[in-house]
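The next block holds one structure in the form of structure tokens; read it before the comments.
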Amino acid sequence: MLNKWMFDKKKLRQTPSQSDGVDYLTEIRYRKEGAKFIQAAVKELRLTHDTMATGCVFFHRFFMFHSFEKFNRWVMAASCLFLAGKVEETPKLSKDIVRTAKNLLGKEQFTAFALNPVDEMLIYEKILLQTVKFDFNIIHPYKFILKYAKQFRGEKNRKGDVVQMAWNYCNESFCTPVSLHYPPDVIAGALLTLSAKRCKFNINLSKDIEKDDLYEQIDAPWWGYLIESSTTVDDINTNLQSSTTVDDIEEIQNIMQRLSEEKADLYEDEVDVTACDSPGNEDNELSDVDVEDVAPPPPPRDNKRHIPGLEPSSRAAKRAAIRDIVPTNGSKTDSIPMLGEPHPPPPPAPPSRRRDSGRHRENPGIYDPTRGFL
Amino acid sequence: MTRTETLDKDYSYPYCNDVSKYEIIFKIGQGTFGEVFKAKSSNTSTSPGKTVALKKILMDNEQEGFPITALREIKILQLLRHENIVTLHEICRSKAQAMRKFKPSIFLVFEFCEHDLAGLLRNQEVKFTSAEKKRIAHQLFNGLHYIHKNKILHRDMKTANILITKGGILKLADFGLARAFSFRDRVKYTNRVVTLWYRPPELLLGEREYGPEVDMWGAGCIVAELWTGTPLMQGSTEQEQLKLICNFCGSITPEVWPGVTKLDLYRNMQLPENKTRKLKERLRHFARDHHALDLLDKLFILDPSKRANSEDALDHDFFWTDPMPAENLNETLSKLRSSNFDMFSGRNNNRRYNSHVSGASNISHSKVF
């Protein structure tokens, strides 16, 4: 069942939207905008990270079959969230979803919801359901992050840092179509490896586990890569059962890396996705992950943005948060502009620098009457 | 043209077949959230002539879109694959048509089972042997063991939801009230589940942090019904149901059930005092097998924490002493000329039972598409 939803990267350049004349970069931007909107709404409605993730996955899957030209991305994003709420047992009333959308979106964007917003969203839901094949059992990388990190040997706090960072990367990854290309365990592995590198944390395995057991226990093809330092490459290859290769893992890492490099530029438009949940609050009925061994992650240092003169909770800030940056004309053609800003940024930039970074920005930004040009 | 129709016409759904690939034979009943039809795949389909059950999803509460109950059933059945769990083949759609106000319907396509246990038990012609009763009970606990191991609660155990194929394979069906649960931290659920006659005492007393024990109580009711032929405790209100339970299982007191006083409704409900447990005494007339009585005794334990779980039930001597569970149900089922669904849809002669048989409504051959 999983394979049906895994797409070759070429496919992302032959989508229905692109047949309708939407160019690749624009599509990537639309996808990101939709995901950002879902994340902001999830935060607003206090839903779980699973709901956010499922909503985003629905969104990405849907637009592999339908065009952004025919389906408004805001309405579809709202519909994805509405359905994800029901799927993940965190249901919200349709009118609450619509109200949240109205709060988060600009007036112009909200006009897509037509005269009767609830009805419009429900029509979209029906089409969404039939497109995603009523496939409601979606597994996200979060549980694998916890499961794998449990096997790390090291100081609890440092382990917690790695987990928190991987967790935030994971939130961010849903703004990209990465979930269309890789299974969740591979994504989790790549994000953990990257986070460990960033945190200068050396991944060693718990002593009491035999390596052979581990492969069975963890059932993760990327694991061999992760413990490369302590084993030989041959070992890894014999243990790789899936077709996932080290290249794939590197690719996910590259995406996330680029994300964090763009971070400085995009800082002011950042959405605080950590609020979607942190691993400490993991409450997944179906998962048998025991969280206890993972140290509760430290409170994210950079959780609150202090944009001078703006209450982060104000409506304008929220709108700004989900509104996207207009891509520049081919200035970054080959880099992946879909990427958002992982959180927290390593290392956290002091507030004063953020203002400056705006000057170096290639993007002109969008005019926002409450803030002037960004 | 309405907007729905426009949208519906214009798009193809690669993963969602049109229900016209099946031909409806007739309506067989009404589940928790929709009508159920017997149908067979039309000659043009890849597997022509396959009989299936189509469950049409009612979209009553239009405000909240696709019903969460249907969604849970789909989600859960996609996870479960077991001989004793009904198989969900696929999900189909019907086209939006003017006569249906442009509202496309969604159909769940299940494997077809000829019988349901409720129908078999009320059929005078059906007399299961002891070995066959064991076979049925064993399959029931097998199914329950599988779903509980996968952290799913059925929450609507009753004979109408127990299907039996003509080959004698039992299938748990109707997961419309089912939910995932967690052993580690019990989340609060609604206690307004399970058909009254099969509802365990803890739910009647307002417990919201329950677990697989609720299904085990219902399983006890079902197993007892194999001998009695009619539902054991047929209360008409929750109060009356509790009274019947006390008369049957003995009074509900903190001595037999520590912690019962903490339940929300413990003080609000009238609980008969000084009742002795008459379970074995009353069931002895029906079931002479003392192992059967002992198993029922363990399933009807008032305190949910002491009640037998599915593993205990499967390990019980009842299933491991002569007569051993039968290999199949052919001895009885082969004598039946037709499925009980055929019978009651053909002639309406069982209509008086309809009120408690899966809420089956009056049978009509109305056109559905």
Inset, instruction - Using a 10 Å cut-off on Cβ to Cβ distances, tally the other chain neighbours for every residue of B:47-58 and report the average as a whole number. - result: 0
Inset, instruction - Would you mind getting me the FRET efficiency between B:E327 and B:T237? Use the beta-carbon distance for r and R0 = 45 Å, nearest 0.05. - result: 0.55
Inset, instruction - Calculate the mean, over all residues of peptide A:129-140, of how many other protein chain Cβ atoms lie within 10 angstrom of the residue's Cβ. - result: 6
Inset, instruction - For A:K11 and A:N254, calculate 0.36 nm times their separation in residues minus their Cα-Cα distance, and state this gained length in nm to one decimal. - result: 85.5 nm
Legend entry - Solvent exposure, largest accessible area first (probe 1.4 Å, DNA, RNA and ligands not counted), of B:E255, B:E240: B:E255, B:E240
Legend entry - Segment B:H89-B:K188, extension gain: residue separation times 0.36 nm, minus the distance between their alpha carbons: 32.5 nm
Inset, instruction - Please average, across the residues of A:117-128, the number of beta carbons from any other chain that are within 10 Å of each residue's own beta carbon, and give a whole number. - result: 4
Legend entry - Backbone N under 12 Å from the B:Q63 label point (7 Å along Cα→Cβ), restricted to segment A:57-96: A:93-96
Legend entry - Heavy atoms of A:M165 accessible to a 1.4 Å probe, total area in Å² rounded to 10: 20 Å²
Legend entry - Residue-level accessible surface for B:E111, protein heavy atoms, 1.4 Å, Å²: 40 Å²
Inset, instruction - Assign one of three labels to segment B:115-367, namely rounded, prolate or oblate, based on the Cα gyration tensor with a ≥ b ≥ c the square roots of its eigenvalues; rounded applies when a/c is under 1.5, prolate when it is not and a/b is larger than b/c, and oblate otherwise. - result: prolate
Inset, instruction - For B:S305 and B:W320, calculate 0.36 nm times their separation in residues minus their Cα-Cα distance, and state this gained length in nm to one decimal. - result: 2.9 nm
Inset, instruction - Extending each Cα 7 Å along its Cβ direction at A:D20 and B:Q78, get the distance between those two points in nm, one decimal. - result: 2.4 nm
Inset, instruction - For segment A:70-89, list whatever residues lose no less than 20 Å² of accessible surface once every protein chain is in place, relative to that chain by itself, with the probe at 1.4 Å. - result: A:K70, A:F71, A:K86, A:V87, A:E89
Legend entry - Label-to-label distance, nm, for residues given as A:N202 and B:N268 (7 Å Cα→Cβ offset): 6.2 nm
Inset, instruction - Rank these by accessible area, largest first, 1.4 Å probe: A:W167, B:W320. - result: B:W320, A:W167
Inset, instruction - Determine, from the Cβ-Cβ distance of A:N157 and A:N103 and an R0 of 41 Å, the FRET efficiency 1/(1 + (r/R0)^6), rounded to the nearest 0.05. - result: 0.65
Inset, instruction - Give me the distance in nm between label points sitting 7 Å out from Cα along the Cα-to-Cβ direction at B:K50 and A:D96, one decimal. - result: 4.0 nm
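The values are calculated or read from the model by the stated rules, or taken from the named source; none is laboratory data. Note that the structure is predicted; figures quoted are calculated from it, not measured. Note that each Cβ is placed from the backbone with ideal geometry, even for glycine, and that neighbours are counted across all protein chains shown. Just the protein is used for accessible areas: all its heavy atoms, side chains included, with ligands, DNA and RNA removed. Shrake-Rupley method; radii C 1.70, N 1.55, O 1.52, S 1.80 Å.
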